[in-house]
Amino acid sequence: MFDTKEIRANFPSLNQAINGQPPIYFDNACMSLRPKQVIASMNEYYEKFPACGDRSFHLWGEEVTKRCEKARSDIARFINAKSEEIIFTRNTTEGINLISHSLYGEKESDNLPVVITSDKEHNSNLIPWQLLEKQGKIKRVIVKTNKDGTFNLEEFQQEIAENKSGKPQEKNLVSLAYTSNLDGVTNPVEEIIKISHQNGFLVLLDAAQTAPHQKIDVKKLDCDFLAFSGHKMLGPSGIGVLYGKYELLKALPPFLVGGETIADTTYQTAEFLEPPHKFEAGLQNYAGIIGFGSAINYLNDVGMENILEHELKLNTYFDSQLKSLESKRPLTILGPADPALRGGITSFLVEGVDHHKIALLLNSTTNIMVRSGSFCVHSWFNDKGIKGAVRVSLYLYNTKEEIDILIQTLEKIIKL
Amino acid sequence: MICVIAFLVFAFLGIFSVKYRQLAKEAFACVFKRMTLRKCDTGFEEKIKAQITGRLLKRSTRLAKIAEKLYEPVAWLFVASFFVSLFFVGRGAYYYLKFGTCNPQSPTSCPFYRSATPLEKVLDIYKCPQDPTK
């Protein structure tokens, strides 16, 4: 385990007073805070070698290229991938859109390829497939999750068996959240991938909520594509990663094209580079890449197992305290009752109290920052007829004392 | 109705300080929706209420609870008082222009009372000078 006090000292945003009180940040599922090591590495880029990489042979250009390629290999090692399988994107959304555009660029004349998602996906893993379906390029299948939010493997197996008669392996796709941002449930992805491959489906995992909190081994998982974001794992905004098996990336046409993606051009032709550069058009977010690499190193130093253990312990404590408020006013926790199945996330509703009001009052009373609303999973909330909820999402710098303040404030709010 | 009060307050404060002008704009957006008989869904009223309730909650849950119940009635009271006051000010101004006093029933009680009405003074300027030969 680690010393939370020591960790917190690394985060400048936590060491300030707002209206005389410290900030209490519980919106990590949206964006995490950044340690000074990450900030320093980005400042170093801007102060010492603010040039473009992969182009120029001068001092600064070479330094940028070296640092970025080091970040790429650090990130690759973080998920047990090869460097050439790591594509830098802006975020998870861009990674998913890259796959949706590259895999389904052409309209098929017969036997539409099938894309299977669940009923609890972030809009970024819903809308790209909705659009493709409207364009007549795919057939979309939605697998309903269980009432407690856990993945329904039986229904998934049924749907996949019924729909495997579409295009062969290179076009059928299962695209799922590895961990849900709504209720923190981690899907049984190893089983899902095994069933998908047996039935000729590729698998794309939205790992935005997994990579910051759990160890990922893409080789062990054998997933075909995996996307995650830097800003949810202590890294800068505007940087993310799409992992893809090298042979698959090689066969995919590029998404965005232009400089950086080509080896040579004539007026009529373009000779594209090999992955990952084929998919990295234009000048890159060099400060972001370097910062992301620094974030990965920070997480490695702390230890992913330690982070998960810390979050589970805190969330279990929060769960028990939250449930003790039920005697004051009925409340509902979304997802499984067992907090161990929800990672570091707890989303809840309080009967008779608007979720936005709870968030506003937590903020104005004790600087507690939570998310309220539909968490970009509007489809699920609309289907269930729920207006919205409050989400508390924890990370390595949160403490038991912060949870106590949250519970005390929540108690006052529900008594109003 | 809080948005109406908030708009009046922030618009006035916005004359002296830039930081209130954005709030005045937000309040106005809410007022406009209310005036066109639509629900104010900008979240502005909730934000203002939460700011006030939050501060009270730090001191006393009971006080915050009372405030929560009283927002709308007090806001309506302020808005009604505002329009009633506006009516009396307008009426006073009309009486002053017409009679030289804002209270014709008791002219000297008006602090702005003068012997000649402003209208008469204005007409005096345009009177033709009297023919000295007649």
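Could you identify the single residue in A:34, A:55 that is surrounded by fewer than 17 Cβ atoms within 10 Å (Cβ to Cβ) and at negative phi? Exactly one residue qualifies, and that residue is A:55.
Residues in segment A:198-239 that are open to solvent by 10 Å² or more (accessible area, probe 1.4 Å), within 24 Å of residue A:139 (Cβ to Cβ) and assigned to a loop (DSSP other than H, G, I, E, B): A:199, A:200. Restricting the first member to segment A:368-396 and to residues that are of a type outside the set (A, V, I, L, M), and the second to residues that are open to solvent by 40 Å² or more (accessible area, probe 1.4 Å) and in a helix (DSSP H, G or I), the beta-carbon pairs closer than 6 Å and six or more apart or on different chains are A:372/A:356. Here residue A:98 qualifies as more than 15 Å from residue A:203 (Cβ to Cβ) and touching a Leu at 6+ places or on another chain (Cβ under 8 Å). Counting only strands (runs of 3 or more DSSP E) that sit wholly inside segment A:321-416, those with at least 1 residues that are within 14 Å of chain B (Cβ to nearest Cβ) and of a type in the set (Gly, Ala, Ser) are A:371-373. Could you please give the count of residues in segment A:301-335 that are among the aliphatic types (A, V, I, L, M) and either in contact with a His (Cβ under 8 Å, 6 or more places away or on another chain) or loosely packed, with under 14 Cβ neighbours inside 10 Å (or both)? Adding up the residues that qualify gives 3. Listed by first and then second residue, the pairs linking a residue in segment B:36-60 that is within 15 Å of residue A:364 (Cβ to Cβ) to a residue that is assigned to a loop (DSSP other than H, G, I, E, B) and open to solvent by 20 Å² or more (accessible area, probe 1.4 Å), with Cβ atoms under 9 Å apart and 6 or more places separating them unless they lie on different chains, are B:45/B:1; B:46/A:354; B:53/A:416; B:57/A:416.
Here residue A:268 meets each of (1) more than 30 Å from residue A:344 (Cβ to Cβ); (2) among the polar types (S, T, N, Q); (3) touching a helix residue (DSSP H, G or I) at 6+ places or on another chain (Cβ under 9 Å) with one exception, condition (3). For the list (1) closer than 30 Å to residue A:312 by Cα; (2) in a helix (DSSP H, G or I); (3) not aromatic (Phe, Trp, Tyr), I need the number of the one condition that residue A:101 fails. Here residue A:101 clears every test but (1). Give the residues of segment A:41-91 that are touching an Asp or Glu at 6+ places or on another chain (Cβ under 6 Å) and assigned to a helix (DSSP H, G or I), sorted by residue number. Answer for segment A:41-91, where residues must be touching an Asp or Glu at 6+ places or on another chain (Cβ under 6 Å) and assigned to a helix (DSSP H, G or I): just A:65. Taking segment A:181-197 as the range and being assigned to a loop (DSSP other than H, G, I, E, B) and farther than 24 Å from residue A:78 by Cα as the test, the residues that pass are A:182, A:183.
Of all the residues in segment A:74-108, those that are touching a Ser or Thr at 6+ places or on another chain (Cβ under 7 Å) and either free of Cβ contacts under 8 Å to residues at least 12 places away in the same chain or hydrophobic (A, V, I, L, M, F, W, C) (or both) number 3. Taken residue by residue, segment A:108-115 has no member that is touching an Asp or Glu at 6+ places or on another chain (Cβ under 6 Å) and among the β-branched types (Val, Ile, Thr).
Yes/no per residue for (1) more than 20 Å from the chain's Cα centre (by Cα); (2) in a loop (DSSP other than H, G, I, E, B); (3) crowded, with 22+ Cβ neighbours inside 10 Å:
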| site | (1), (2), (3) |
| --- | --- |
| A:93 | no, no, no |
| A:105 | yes, yes, no |
| A:116 | no, no, yes |
| A:131 | yes, no, no |
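The values are calculated or read from the model by the stated rules, or taken from the named source; none is laboratory data. Computed from a predicted model, the values in this text were never measured in an experiment. We place every Cβ from the backbone using ideal geometry, glycine too, and count neighbours over all the protein chains shown. Keep in mind that these areas ignore ligands, DNA and RNA; they rest on the heavy atoms of the full protein, side chains included. Shrake-Rupley method; radii C 1.70, N 1.55, O 1.52, S 1.80 Å.
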